Amino acid sequence: MNTHLMSGWKETGIKSVWLATALIAASAVVFILGYLVLTSLPIFFETGVSGFLFNTVWNPTGVVPSYGIATLLIDTLLVTFGAMIFAVPLGIICAVFLAYLAPQKVRDIVKPAIELLAGIPSVVYGFFGMVVLCSLLQNVLDIPSGFSWLAASILLGIMALPTIVSVSEDALYVVPKDYTEASLGLGATKWQTISRVLIPAAASGISAAVILGMGRAIGETMAVMMVAGNAAVIPSPIWDVLSPVRTLTATLGIELAEVASGSMHYYALFGVAAVLLAITLVINLISVRITKKIQSGGSVFSMPAQIKKILKLCGVIFAVCILMYAIGIVPTLILTAIVFGLFFLRRIMSHRSIERTAFGIIYAGTFLVIGILFVILANIFINGIPAISWEFLTTAPRNMGLEGGIFPAIIGTLQLVGGAILLALPIGIGSAIYLHEYSRDNVATRLLRTGNDLLSGTPSIVFGVFGFAFLVIFLGWGVCMLAGMICLALMVLPTIIKTTEEALRSVPNSLREASLGLGATKWQTLKKVVLPSAAPGILTGTILSIGRAAGETAPIMFTAVVFSKRFISMDLFDPVMALPFHLYVLSTSVPGSETQQYGTAVVLISLVMAIYLVAIVIRKRFQKRLL
């Protein structure tokens, strides 16, 4: 009797621990959102909500300060719009290639290569944009400066590509094979089957991919801050893609470190962070809703055919009006004539000719994506490898980083990442175990999962703003390693929870039932049967989290790091060096340090990509075990 009683208490105690970890994870987003909103309230009392959102003048340091963020909002939307124009067609083309045209061996090479694009740290993208992309635009277009809306959109488009490709390819891949067989059986060509059956069937998943890519572009800080020109102006005319712009995230990154705590400017920046967080929360909620619809087999955009036709007609009229306003009447007429000409040509071409043309475009688009990855890596490694030496890897920087090495930055990066994983791993795994093994599908569980989904889409700069206000200023810790660890831990927590839950879901229920049938308790089943089987998936999520934490700059630039430090400290309340921040400062503030910039980029990208490669290899082995 006592044994059963003790066992029951033990099970209850273990369940309570998992519940506590789940509550910690979900409450983090509530606390971050609440703290940002409360801190930003003074600016809304000062200007009013409409004055803050719709005033186009952002000049907080002027003689008569002005705190309107309409210009920043418009610039953010313009940059995101430009990025989507670049990324959506290329992403869908690449996804179609991987799902339906690529041989299995080619798919096994191309898909991981595209996923590696996601592993390149954003500060490296920004560095490449500054050195190569902006210079290219300046020389080719013969303009005074390449730092512009166009440069930011191209760079963010490249960064959003892996998300769009990966999610779209998953959506296309799971379309039932019966659809293909039925279409081909009715005499349709392969291209007709893809374009008229398979892509429409996966439209919901592709929409989710585009929304996720949009969220990635809106929340990006470092890359856009390094190439957009950072002038808080609305392009005039509005379609002037060569105009400098400034986004919401860039404003936070540029001004937060210089602002006086408690000033109206300080509160205005928290208002910017609150608006940014609200935008990304809405995008994430839409994405989560679409994903759940897909998983349940429901249709996201079902509507009568007549309404679809009316909406298409309205869309065409709207696009023509926008073009006439943007590029003028004559160019619009020429463009319209070309489109109608292509449409007419399509009607007179044979089905095989159309298919060959379409497949040619798909192969060319995929080749372009792979080419972009190759150019970025080739530029960095060709210029960076000569900088790598024993002295560069094992000594501290001297003379503002122009001499010496990056050893304290390497160690500081490892310290920050190690601390973040130690904080996030037990909470993340515990939360996932509670959600999958103990909880039922009720309102509380759905709220916990929604909180985790929202936390996963929060821009990294928001974690930095929160850490700066709460940990550095409110708690009085100052800029220190512990504050950076906590910010990074909050950022990677959702990844660990999601991947762990997926790994637990992949363990067959028959194993659990067999263990319980033999008399084992729930905890014994979990410890001896379920967790060992799910270990590879959990390890993959942990490695991906390490890679993301190692490459992030925004969450630590206000909370944990300094540019140069000669000695390594183990004190949690001392600041540290980190590779991403060191590269950012070298690129933007130290002229003549190109060799050190490229060398630091090579070390950083090698570190992060090695971590991602390990994750990919583990995933492949895990998938083979399941087959």
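The values are calculated or read from the model by the stated rules, or taken from the named source; none is laboratory data. All values derive from a computational prediction rather than experimental measurement. Every residue, glycine among them, receives a Cβ derived from its backbone with ideal geometry; neighbour counts consider all protein chains shown. SASA here: full protein model, heavy atoms, side chains in, ligands and nucleic acids out. Shrake-Rupley method; radii C 1.70, N 1.55, O 1.52, S 1.80 Å.
Assorted remarks:
- Given R0 = 51 Å, the distance between the Cβ atoms of VAL443 and TRP239 translates into a calculated FRET efficiency of 0.60.
- Relative to the Cα centre, the charge distribution of the chain, modelled as +1 at Lys and Arg Cβ and -1 at Asp and Glu Cβ, gives a dipole magnitude of about 2220 debye.
- In the stretch 447-575, Cα pairs under 8 Å separated by at least six residues give a relative contact order of 43 percent.
- Annotation: extensible slack from VAL57 through ALA113 equals 15.8 nm (criterion: 0.36 nm per residue apart, minus Cα-Cα distance).
- Qualifying chymotrypsin sites (Phe, Trp or Tyr not before Pro) for the stretch 525-570 [loop in DSSP, other Cβ within 10 Å: at most 12]: PHE567
- Rounded if a/c under 1.5, otherwise prolate or oblate - the chain, Cα gyration tensor axes: rounded
- Projected label points at LEU368 and GLU181, each 7 Å from Cα along the beta carbon direction, are separated by 3.6 nanometres.
- Computed over the chain, relative contact order equals 19 percent, with contacts defined as Cα pairs under 8 Å that lie 6+ residues apart.
- Percentage of interatomic Cα-Cα distances in the stretch 333-480 larger than 22 Å: 74 percent
- The gain in end-to-end length when the PHE45 to ILE24 segment is fully stretched comes to 4.4 nm, 0.36 nm per residue minus the alpha carbon separation.
- Alpha-carbon centroids, the stretch 390-431 and the stretch 490-524: separation in whole Å: 33 Å
- When you restrict to C-alpha pairs under 8 Å that are six or more residues apart and normalise by the size of the stretch 173-247, the relative contact order lands at 20 percent.
- Cut-off 19 Å (backbone N to label point 7 Å along Cα→Cβ of LEU402), residues of the stretch 559-587: 563-566, 582-587
- Label zone at VAL282 (point 7 Å along Cα-to-Cβ), backbone N below 12 Å, the stretch 18-35: none
- Within the accessible surface of the chain, defined with a 1.4 Å probe on protein heavy atoms only, the carbon and sulfur portion equals 69 percent.
- For the stretch 137-250, a crude dipole built from +1 on the beta carbon of Lys and Arg and -1 on the beta carbon of Asp and Glu, taken about the Cα centre, is about 80 debye to the nearest 20.
- Considering only VAL88, ILE206, TYR612, the residue lying farthest towards the positive end of the dipole of the chain is ILE206, judged by Cα position with unit charges set on Cβ.
- Along principal axes, Cα extents of the stretch 59-100, largest first, whole Å: 61, 11, 9
- Spin-label pair THR189-LEU77: with each label point 7 Å from Cα along the Cα-Cβ axis, the two points sit 4.0 nm from one another.
- Positive-pole candidate from ALA483, LEU156, THR450, dipole of the chain, charges at beta carbon: THR450
- The slack between PHE567 and ILE348, meaning 0.36 nm per residue of separation minus the straight C-alpha distance, is 71.5 nm.
- A Förster radius of 35 Å combined with the Cβ-Cβ distance from LEU333 to ARG356 puts the calculated FRET efficiency at roughly 0.70.
- Proximal aspartates and glutamates to LYS522, defined as alpha-carbon separation beneath 20 angstrom and excluding residues fewer than eight positions away on the same chain: GLU11, GLU437, ASP441, GLU501, GLU502, GLU513
- Modelled spin-label separation between GLU391 and LEU101, with each label point placed 7 Å from Cα along the Cα-to-Cβ direction: 5.1 nm.
- Accessible area per residue, Å², the chain with all protein chains present, probe 1.4 Å: 46 Å²
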